[in-house]
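The values are calculated or read from the model by the stated rules, or taken from the named source; none is laboratory data. This is a predicted model, so every value here is computed, not measured. A quick note on method: Cβ atoms are made from the backbone with ideal geometry, for glycine too, and the neighbour counts reach across all protein chains shown.
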Amino acid sequence: MRSSVYELIGAIYGDGHIHSTENRVTLVGSLEDYYYYTFYLKPLIEKLFPGINVYIRKRNDRNSYYLSFESKDAFQKLQSFHLWRGAKNNLVLPILPNSLSLKLFLRGLFDTDGSLKFSKQSKNINYYPRIQYAFKESDFSRDLGTFLSQAGFTFCRWYDKRDKEYYYQISGDSFLHTWIKTVGLSNPVHYSKYLYWKRFGYFIPRSSLAFRMNALHLKTEDLF
């Protein structure tokens, strides 16, 4: 199977759900994730599992997009990566055979459930980058730092007792540039933040994808 399957595994670990009885996988994203789903994730799944039908539906009542696919063959292959049916409370780290699979997994995980933030530090503009993950308590969320260390990143980790979540944060310009070079970003929601920051030297919190693309004089499709 293609190495890109590890990127899909990461995406499912992030915002995915495996049906408790049927051979269906569903990912749920924001309205801005439409481009990532349509121009990147859907073609990736279709290459991994030829002939499969991948559906993207908008849920107006939840301001979100759903991507789903159903296949017994695909489901059996995905189960070999420690993906369980139903709730993801019992997630564990998947077995990744090499550094490429590790980086692809981290990319898929970040594209679906990570966040790229910029803090002010001692300035009046949001310029200091922070790559962040946050996951509900599980063996996987407790041990995720192992993968980040293997990929060469120094990070901070803390546990939020109220939300019962583990947080991981990688900070600084150097690590962000390294992440782009070695792990990469496939979701334009995140990548446009990086491009905006790289061009202007700061970031505008809560800015929309459309605003960033307009400021960069790019079309979202240009990022694929």
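Descriptive notes on the structure:
- Test for residue 148: is it of a type in the set (A, V, I, L, M, F, W, C), at pLDDT 95 or above, in a strand (DSSP E or B) and assigned by TED's automatic domain parsing to the domain that holds residue 204: no
- Among (1) closer than 26 Å to residue 30 by Cα; (2) surrounded by 15 or more Cβ atoms within 10 Å (Cβ to Cβ) - the single one residue 153 does not satisfy: (1)
- Restricting attention to region 89-101, the residues that are touching a residue at least 40 places away in the same chain (Cβ under 8 Å) and surrounded by fewer than 18 Cβ atoms within 10 Å (Cβ to Cβ) add up to 6.
- Inspection of region 52-60 identifies no residue that is over 17 Å from residue 9 (Cβ atoms) and in contact with a Lys or Arg (Cβ under 6 Å, 6 or more places away or on another chain).
- Flag for residue 206 being surrounded by fewer than 17 Cβ atoms within 10 Å (Cβ to Cβ) and within 17 Å of the chain's Cα centre (by Cα): no
- Residues being in a loop (DSSP other than H, G, I, E, B) and among the acidic types (Asp, Glu) are represented in region 21-30 by at least one member.
- Qualifying positions in region 151-176 - in a strand (DSSP E or B) and among the small types (Gly, Ala, Ser): 171
- Unmet requirement for residue 96, which otherwise passes all of (1) within 30 Å of residue 198 (Cα to Cα); (2) not in a strand (DSSP E or B): (1)
- Among the residues making up region 120-141, those that are farther than 11 Å from residue 169 by Cβ and of a type in the set (A, V, I, L, M, F, W, C) are 125, 135, 140.
- Count - residues of region 22-75 that are of a type in the set (D, E, K, R) and crowded, with 19+ Cβ neighbours inside 10 Å: 1
- Exclusive hit being closer than 28 Å to residue 43 by Cβ and in contact with a helix residue (DSSP H, G or I) (Cβ under 8 Å, 6 or more places away or on another chain), set 190, 177, 217: 190
- Taking the listed residues 160, 113, 139, 143, the one that is under 28 Å from residue 196 (Cβ atoms) and acidic (Asp, Glu) is 113, with no other qualifying.
- Annotation: of all residues in region 117-134 being among the hydrophobic types (A, V, I, L, M, F, W, C) and in contact with a strand residue (DSSP E or B) (Cβ under 6 Å, 6 or more places away or on another chain), the one that is modelled with the lowest pLDDT is 134.
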